[in-house]
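Data first, discussion second: the structure below is written as structure tokens.
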Amino acid sequence: MAARASSARIAAAPRTPAPRPLPHRTGHRMHGSPNGSAPTPQAAGPDASRFRAVLGRFATGVVAVTALDPGTGAPAGLAANSFTSVSLDPPLVAFCVAHTSSTWPKLRRAGRVCVNILGAAQQSVCASLATRGGDKFAGLTWTRSPAGAPVIDGALAWIDAEIEQEHVAGDHMIVVARVHDLAETHPGEPLVFYGGAYGRFSV
């Protein structure tokens, strides 16, 4: 129902000159403050190549996240260098997966995954798991973890974990998983990713 018009007359607000446009500042965005004061410049984010170059100065280990595809029973896996421990109580780990990954839906359906901590001699494992289409496990030998997921031969250690949470973060998904079992399997140097290339740790 339309509201009834008030009988009181409202004086028109005085006209003010149109605001002058803010000066253009290369590489900055202008944001007004909540209290209406003059806007302050905020630096634009870095471009992708610079972001990748700078973050590449942070050395990481490399893992293979594996499971058996519930639909086919075939092994499925992906390589990741964004892996970390999260909590001791409860025991939680996390890793990141690109939204474009065709393997992640298979691992998610499995529910439980095995995180294989790769050794310095296992760069070929990463190459195999990065292949699109075909049998990613061709040429790889593996056994089953207590939860039934593939433990790749030569991995330094394995971690059986159950997927608990997924958090959308930009072009990736942050996956948090609860650890149920784990073990060291082989002594040796880890596979290291640094500056966009694989290498090894030395002291």
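The values are calculated or read from the model by the stated rules, or taken from the named source; none is laboratory data. Just so we're clear, the structure is a prediction, and the values are computed from it rather than from any experiment. Because the Cβ atoms are built from the backbone with ideal geometry, glycine has one as well, and the counts that use them run over all protein chains shown.
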*If residue 136 satisfies every condition in (1) over 20 Å from the mean Cα position of the chain (by Cα); (2) outside any loop (DSSP other than H, G, I, E, B); (3) more than 24 Å from residue 180 (Cβ to Cβ) but one, which is the exception?*
(2)
*Evaluate the following for residue 184: is it of a type in the set (Asp, Glu), more than 21 Å from the chain's Cα centre (by Cα), farther than 16 Å from residue 79 by Cα and modelled with pLDDT of 95 or more?*
yes
*If a residue has to be buried (at least 16 other Cβ atoms within 10 Å of the Cβ) and either modelled with pLDDT under 95 or under 13 Å from the mean Cα position of the chain (by Cα) (or both) to count, how many in region 70-81 make the cut?*
4
*Mind listing just one residue for me: the one in region 82-94 that is touching a residue at least 12 places away in the same chain (Cβ under 8 Å) and among the small types (Gly, Ala, Ser) and, of those, surrounded by the fewest Cβ atoms within 10 Å (Cβ to Cβ)?*
82
*Since residue 137 meets every condition but one in (1) over 15 Å from residue 76 (Cβ atoms); (2) in contact with a helix residue (DSSP H, G or I) (Cβ under 9 Å, 6 or more places away or on another chain), which condition does it not meet?*
(1)
*For region 66-95, which residues satisfy the criterion of being part of a loop (DSSP other than H, G, I, E, B) and among the aliphatic types (A, V, I, L, M)?*
74, 88
*Could you tell me which of the residues 155, 177, 161 is touching a strand residue (DSSP E or B) at 6+ places or on another chain (Cβ under 6 Å), part of a loop (DSSP other than H, G, I, E, B) and crowded, with 17+ Cβ neighbours inside 10 Å?*
155
_Selected residue (criterion: surrounded by the fewest Cβ atoms within 10 Å (Cβ to Cβ)) from residues of region 114-129 that are in contact with a strand residue (DSSP E or B) (Cβ under 6 Å, 6 or more places away or on another chain) and part of a loop (DSSP other than H, G, I, E, B)_ = 120
